[in-house]
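Asks: The structure's right below; bear with me while I get my questions together.
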Amino acid sequence: MARDYDSQLLESVAVRRRRMRDALLFGAQRARRTADERLGKMFAGIAIAAVLCAGCIGWSFVQSTLAKQRAEEEKQRQQQEQLYNPSPSQSADGGEKQ
């Protein structure tokens, strides 16, 4: 009789530890989750990932557009400076040196 009690006690302790570990790792309601809930969470995760990717692409597009505008403005500014301040290498007689 003592051996049955001991083995039963050891088995119940093992089951309790396994349940506590599973509750810690997977949550207390892990057995009550259905496949629909899991699929819903998976699709929600995919949707969030898609939104994040679209946001990154949009941010990259905006940064690229702004960089192109800055480069164009810099180019125009340099052209304006050349028109108003000609470089000293160009002489008044058309740039010909004798």
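All of the numbers you see were taken from the coordinates with simple rules; none came from a lab. What you see is a predicted model, and the numbers here were worked out from it, not measured in a lab. Here Cβ is always computed from backbone atoms with ideal geometry, including for glycine, and neighbour counts include all displayed protein chains.
Asks: Sticking with the crude label model, points 7 Å out along Cα→Cβ, report the distance from S12 to F26 in nm, one decimal please.
Replies: 2.4 nm
Asks: Can you tell me the FRET efficiency between Q80 and C53 if r is taken as the Cβ-Cβ distance and R0 is 35 Å, rounded to the nearest 0.05?
Replies: After rounding, the FRET efficiency stands at 0.30.
Asks: Here's another thing I want to ask about it. May I ask for the net charge around S12, where only other residues with Cβ less than 14 Å from the Cβ of S12 are counted and Lys, Arg are +1 while Asp, Glu are -1?
Replies: Neighbourhood net charge equals +1.
Asks: At a Förster radius of 35 Å, what calculated FRET efficiency corresponds to the Cβ-Cβ distance of T65 and M42, to the nearest 0.05?
Replies: 0.50
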